[in-house]
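The values are calculated or read from the model by the stated rules, or taken from the named source; none is laboratory data. These numbers were taken from a predicted model, which means no experiment stands behind them. Every residue, glycine among them, receives a Cβ derived from its backbone with ideal geometry; neighbour counts consider all protein chains shown.
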Amino acid sequence: MKTIGIIGGGQLGRMLAMAAARLNLRTVILEPQADCPAAQTATRQIVGAYDDDQALDALAAACDLVTYEFENVPVAAAARLARSLPVFPPPKALEVAQDRVTEKRFLNACGLETARFHAVDSLADLKAALAAFGGQGVLKTRRLGYDGKGQHVFRDDADDPAAVYAALGAVPLILESFVRFEREISIIAARGQDGSVLCFDPAENVHRNGILATSTVPAALPADLAESARAAATAIVDALDYVGVIGVEFFATSDGGLAVNEIAPRVHNSGHWTEAACVVSQFEQHMRAVAGLPLGDPSRHSDCIMHNLIGDEIDQVPAWLAKPRTLVHLYGKAEARPGRKMGHVTTLR
């Protein structure tokens, strides 16, 4: 029986541990919060910081391989682990995904379109980038931003670049051009240790306040664009020599093309629908991939829509439980806060 280490104890780690148990795989969570959601479903938890050498060595000693549930795992920590046991996805995927400029350059090198962008390392860089984009664009921190945090939208010349630059901490930034798009979609892809790649169907995503609100499958997307999204995801995982599940977000552009928005080297919120509408979910697929097991069939048996339960939307659970053809999945979090993901529901259609 293999034991798989999971760095991170949030809801994604929780669902990975649940999927692992069904495959007779043990899991050990490394997470500094003792009462984390994943600790409720994993075999064991090591309480420690993600960059604590002693905790990392204990994780390596307890496991056959290590994976992770979020992309901001310290690269040095992943590299330390990789010296003694397999780490999937590889640390290179973390290096690419953790810096938005590095990520964009990597995607362009794969032959994939993205928003135009400028690296911003100073106020002068920001002013020059805004001038190049006509005073408009989305300014983001290059690292650690998620769910709409760490960004500012410039739509006209009303905002003072100096004030915005200071408010974002004068850290390395990226200014991205606006992309004219019809809809946002994502692909969940998996690559096995043998190099085989399988993709779930594209989901159409709606965000609210920078946080994913719903994912609908099938996406309102022509067949050729759906195939292009699969091909793009395959090119990305092959270039990274990737093992595991990845989320790739796209804009379906107004001119009928696709532009990659970002990649997430892990199971992804927009893939939660697979739990209800596929025989093999993204979580099981990830555990199959990293454990060296055959990948499962990613085809869906039902159309569906997934709703995130954010903040006090957790109060709606009784109503969701009364709905037919609806799977309710709660994350074991004790406190609901604004913007906090408390669970999700998926209704088959």
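Here are the numbers:
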quantity: Residue within the range 191-212 that is in contact with a Cys (Cβ under 8 Å, 6 or more places away or on another chain), closer than 26 Å to Thr141 by Cβ and in contact (Cβ under 8 Å) with a residue 12 or more places away in the chain present; calculated: no
quantity: Verdict on Leu144 being within 16 Å of the chain's Cα centre (by Cα) and either among the basic types (Lys, Arg) or surrounded by fewer than 13 Cβ atoms within 10 Å (Cβ to Cβ) (or both); calculated: yes
quantity: Strands (runs of 3 or more DSSP E) lying entirely in the range 154-217 (those with 1 or more residues that are within 30 Å of His286 (Cα to Cα)); calculated: 181-191, 197-199, 203-208, 211-217
quantity: Selected residue [of a type in the set (D, E, K, R), assigned by TED's automatic domain parsing to the domain that holds His286 and more than 23 Å from Ala276 (Cβ to Cβ)] from Asp224, Asp201; calculated: Asp224
quantity: Subset of the range 1-33 [at positive phi and either surrounded by 23 or more Cβ atoms within 10 Å (Cβ to Cβ) or among the basic types (Lys, Arg) (or both)]; calculated: Gly8
quantity: Residue identified as loosely packed, with under 15 Cβ neighbours inside 10 Å, over 17 Å from Arg14 (Cα atoms) and not hydroxyl-bearing (Ser, Thr, Tyr) among Arg300, Arg349; calculated: Arg349
quantity: Any hit, the range 249-262, residues being farther than 29 Å from Glu95 by Cβ, touching a helix residue (DSSP H, G or I) at 6+ places or on another chain (Cβ under 9 Å) and either among the aliphatic types (A, V, I, L, M) or assigned to a loop (DSSP other than H, G, I, E, B) (or both); calculated: yes
quantity: Residues (acidic (Asp, Glu) and farther than 15 Å from Leu348 by Cα) located in the range 260-303; calculated: Glu262, Glu284, Asp297
quantity: Extreme residue, farthest from the chain's Cα centre (by Cα), among residues of the range 105-127 that are part of a loop (DSSP other than H, G, I, E, B) and of a type outside the set (Val, Ile, Thr); calculated: Ser122
quantity: Top-ranked residue of the range 34-85 - restricted to ones that are part of a strand (DSSP E or B) and free of Cβ contacts under 8 Å to residues at least 24 places away in the same chain, ranked as surrounded by the fewest Cβ atoms within 10 Å (Cβ to Cβ); calculated: Arg44
quantity: Boolean, Lys92 is touching a strand residue (DSSP E or B) at 6+ places or on another chain (Cβ under 9 Å), at pLDDT 95 or above and of a type in the set (Lys, Arg); calculated: no
quantity: Test: residue in the range 300-323 that is basic (Lys, Arg), assigned by TED's automatic domain parsing to the domain that holds Val245 and in contact with a Pro (Cβ under 9 Å, 6 or more places away or on another chain); calculated: yes
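Residues are listed down the side, and each one gets a yes or a no for (1) within 30 Å of Leu348 (Cβ to Cβ); (2) touching a helix residue (DSSP H, G or I) at 6+ places or on another chain (Cβ under 8 Å):
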site	(1), (2)
Gly150	no, no
Tyr165	no, yes
Ala190	yes, yes
Glu204	yes, no
Ala231	yes, no
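Each row is one residue, and each column tells you yes or no for (1) touching a Gly at 6+ places or on another chain (Cβ under 8 Å); (2) in contact (Cβ under 8 Å) with a residue 60 or more places away in the chain; (3) surrounded by fewer than 18 Cβ atoms within 10 Å (Cβ to Cβ); (4) under 26 Å from Val101 (Cβ atoms).
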{"residue": "Glu227", "(1), (2), (3), (4)": "no, no, yes, no"}
{"residue": "Gly256", "(1), (2), (3), (4)": "no, no, yes, no"}
{"residue": "Glu275", "(1), (2), (3), (4)": "no, yes, no, no"}
{"residue": "Ala289", "(1), (2), (3), (4)": "yes, yes, no, no"}
